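Here is the structure we will look at, set down as structure tokens.
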Amino acid sequence: MRRRWKLGLLPLTLVLVITAACGPAPTAEVVEVTKEVVKEVTKEVPVEQTVEVPVEVTPTPEPLDAISQLDPSGQEVTFWHVSTKIHEEVLTELIDEFNETNEWGITVVPEYGGYYGDIRKKTLAAITAGTPPDMAVAYQNMVSEYADADVVQPLDDYIASETYGLSEAEVNDYYQAFLEGDRYPKFDGKILSFPPNRSMEVMYYNKDWLAELGYEGPPQTWDEFAEMCEAATDPAAETSGYAISPSASTFAGWVWTRGGEILNEDATEVLFEEEGQEALAFLQNLVEQGYAYQIAERYGDQTDFANEKALFTFGSTAGLPYYDAAIEGRFDWSISPMPHSTEEPIVDMYGPSITVFQTTPEKQLASWLFLKWFTAPEQTARWAITTGYFPVRKSAAQSDRMLEHFSENPLYAKAFSFLKYAKTEPTLAGWQTVRDVLEESIVAVVTGEQTPEEAVSESVGIAEEVMTE
């Protein structure tokens, strides 16, 4: 199978923000959640091989900055999002509350833009037509694409505004690694998007089932993972070890946990070929032995896991509420980092941000005021508690409300503790193209259309093309 790819509608540039992590190996169970525990857990996620630096904001001119002289009263702004089901319900509730209570009479109009690939295509088409939305959800690599067209509004001046901005204490209350992930070195280090939440890729496993098979806990290595998948597989009962949901984020985790990298530090060289082939060969063997299978429809892995047809799945921590609702307490289950051959676990931390497009000064300000409100401690805590995402403010994570949520939801607390193992994918403009081809590569290997070597070689070629654009 040969695939030809067009690398996007806009010029592609390189921006790389990679986050690595370190820390002690996770324990099988969650310790009692206290303020001291949360403070330890909520230490800044380190940026790889760098020293954490506070987010810098442009000094406010005297006597009054230009942003502060604007009046956003009565503005209506559109917001393209990707939320569905529970997430869309709470997003709509929050937007309605902002619309009813903000002092300027600003109205935010939400519109579902499809899943990430869909909203990217829709946004690129709108940019080409000269009609972008006022705000849109976007991963950082997507923001870089939009910024190449010079249609993204930097947020530094809004953050620094005397009237509408954030105080120094408020800026420092955000997790700095999250904010730094929305600062784009290629574009003069400007903040071109803002983080509403973050989540990470984890392994879901059935604790009761593992115990029945004679195992005391989840696999720590990939060999143990294969062994447990084999033990769980029973053709007569139609059970299997692993329900595969093809994902570029899962692929990144496979590479990192085998000691590999996706790109080098300055994004000039593709590095995932060796470990990528190893990971796909491992997957191919599981499928050929009948120990793993590809799901037939989106979220089929959640359904099969809940119906005890699959022992393991991999997915976002944002899926915790969905798993919980599907399982309905019928068995004991948990999460852990991926199996690994590295000294410490590694988890892929990700999450879309919200970018503001250049429209009018008043609409841009109105959009910023919504972002400021949405990421305030009370709102980010509510959004996190309802959706399974992580809050973006330290004070929110340490609030009584969040501490109670940690206590009542030990799996969420356990997931939050994995932040110290976090690492992020490349944020190149056009990286979505690479993500798409990686997912296609997983499918091609699972279905036997390509060998692991062919699939990874093609993916490497696409990644190299993206990097040279």
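Taking residues in region 436-452 that are charged (D, E, K, R), and partners anywhere that are buried (at least 17 other Cβ atoms within 10 Å of the Cβ), the pairs with Cβ atoms closer than 6 Å and at least 6 places apart or on different chains are Glu439/Pro246; Glu439/Ala248.
Across region 252-263, not a single residue is classified as buried (at least 18 other Cβ atoms within 10 Å of the Cβ), more than 30 Å from Tyr139 (Cβ to Cβ) and in contact with a Gly (Cβ under 7 Å, 6 or more places away or on another chain). Residue count for region 171-194, restricted to those that are in contact with a helix residue (DSSP H, G or I) (Cβ under 9 Å, 6 or more places away or on another chain) and either outside the structural domain of Asn141 (by TED's automatic domain parsing) or polar (S, T, N, Q) (or both): 2. Taking first residues from region 393-416 that are farther than 16 Å from Ile335 by Cα and partners that are part of a helix (DSSP H, G or I) and among the β-branched types (Val, Ile, Thr), the Cβ contacts under 7 Å between residues at least 6 apart in sequence or on separate chains come to Arg393/Thr380; Ala396/Thr380; Ala397/Val38; Gln398/Val38; Leu403/Val38; His405/Ile385. Yes or no: region 440-450 includes at least one residue that is out of contact with any strand residue (DSSP E or B) (no Cβ under 8 Å at 6 or more places or on another chain), at pLDDT 95 or above, within 23 Å of Glu269 (Cβ to Cβ) and in a helix (DSSP H, G or I). Checking region 440-450: at least one residue is out of contact with any strand residue (DSSP E or B) (no Cβ under 8 Å at 6 or more places or on another chain), at pLDDT 95 or above, within 23 Å of Glu269 (Cβ to Cβ) and in a helix (DSSP H, G or I). Within region 392-439, the set of residues being buried (at least 19 other Cβ atoms within 10 Å of the Cβ), hydrophobic (A, V, I, L, M, F, W, C) and more than 17 Å from the chain's Cα centre (by Cα) comprises Ala396, Ala397, Met402, Phe406, Ala413, Val437. Is it the case, given these coordinates, that Ala125 is closer than 22 Å to Ala429 by Cβ, surrounded by fewer than 15 Cβ atoms within 10 Å (Cβ to Cβ), assigned by TED's automatic domain parsing to the domain that holds Ser367 and not acidic (Asp, Glu)? The answer is yes for Ala125.
If I filter region 256-268 for residues that are closer than 26 Å to Gly351 by Cβ, assigned by TED's automatic domain parsing to the domain that holds Glu328 and assigned to a helix (DSSP H, G or I), do I get at least one hit? Within region 256-268, one or more residues are closer than 26 Å to Gly351 by Cβ, assigned by TED's automatic domain parsing to the domain that holds Glu328 and assigned to a helix (DSSP H, G or I). On the stretch given as region 200-240, residues that are assigned to a loop (DSSP other than H, G, I, E, B), closer than 23 Å to Gln284 by Cβ and either touching an Asp or Glu at 6+ places or on another chain (Cβ under 9 Å) or charged (D, E, K, R) (or both) total 3. Val456 meets each of the listed conditions (1) crowded, with 19+ Cβ neighbours inside 10 Å; (2) in the same structural domain as Asn99 (by TED's automatic domain parsing) apart from (2).
May I ask you to verify whether Asp332 is in contact with an Asp or Glu (Cβ under 6 Å, 6 or more places away or on another chain) and either touching a residue at least 40 places away in the same chain (Cβ under 8 Å) or among the aromatic types (Phe, Trp, Tyr) (or both)? Answer is yes for this residue. For region 165-188: of the residues being among the small types (Gly, Ala, Ser) and at pLDDT 90 or above, which is surrounded by the most Cβ atoms within 10 Å (Cβ to Cβ)? Within region 165-188, the match that is surrounded by the most Cβ atoms within 10 Å (Cβ to Cβ) is Gly165. Of all residues in region 371-380, those that are small (Gly, Ala, Ser) and surrounded by 21 or more Cβ atoms within 10 Å (Cβ to Cβ) total 0.
The values are calculated or read from the model by the stated rules, or taken from the named source; none is laboratory data. What you are looking at is a predicted structure, and each value in this text was computed from that prediction instead of being measured. Don't worry about glycine lacking a Cβ; one is built from the backbone with ideal geometry, like all the others, and counts go over all protein chains shown.
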